[in-house]
Amino acid sequence: MAEEKRPSLVDCNCRAVRQAARFVTNIYDRHLAPSGLRISQFGILAVLKHKGPLTINELAAELVIDRTTLGRNILPIEREGLIAVKPSPIDRRSKELHLTAAGEKRYREARKYWLEAQNQFESAFGSKRTADLRALLQSLVASGIETVEETALH
């Protein structure tokens, strides 16, 4: 009987995706450095710019990030006055994140650096491969694969 091939560390899907994420994050962080933002912070400003005020839970779901990590990313941009945390008009116990005028200005200034990163990535990786990769990653997030924590909640 043939021995079943066991996956090795180089076959680990999580490892490959995390390595790629760190690699791409470094590209964007380098480009965004003159704006004083990291890609994680720019992403928060971009979502609030395009979706309007969101609760912390809504923003965490939109970014596919846990609340603790989101909280660490929010603190510096809140201190800088780029976002404001306000009670929700619907449920005063819930807090909403709002993009401030200073945050919108910083977002507009940083967007040119973000576009440079987009262009560098696409030039190096190819337009079609970039679009295919983005579609593949978006379909992965939308796939409905649940984490252990999510499964336990059901």
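The values are calculated or read from the model by the stated rules, or taken from the named source; none is laboratory data. Because the structure is a prediction, the values reported are computed rather than measured. Note that each Cβ is placed from the backbone with ideal geometry, even for glycine, and that neighbours are counted across all protein chains shown.
Selection of the stretch 37-69 for residues being modelled with pLDDT of 95 or more and surrounded by fewer than 14 Cβ atoms within 10 Å (Cβ to Cβ) yields His50, Lys51, Gly52.
Look at Leu54 and say whether it is closer than 25 Å to Leu137 by Cα, of a type outside the set (Ser, Thr, Tyr) and within 14 Å of the chain's Cα centre (by Cα). It is false that Leu54 is closer than 25 Å to Leu137 by Cα, of a type outside the set (Ser, Thr, Tyr) and within 14 Å of the chain's Cα centre (by Cα).
Each residue in the stretch 100-124 was checked for being of a type outside the set (Ser, Thr, Tyr) and exposed (fewer than 14 other Cβ atoms within 10 Å of the Cβ), and 8 pass. Remark: pairs (first residue in the stretch 20-31, of a type in the set (Phe, Trp, Tyr); second residue in a helix (DSSP H, G or I) and modelled with pLDDT of 95 or more; Cβ separation under 6 Å; 6+ apart in sequence or on different chains) = Tyr28/Ile39; Tyr28/Ala117.
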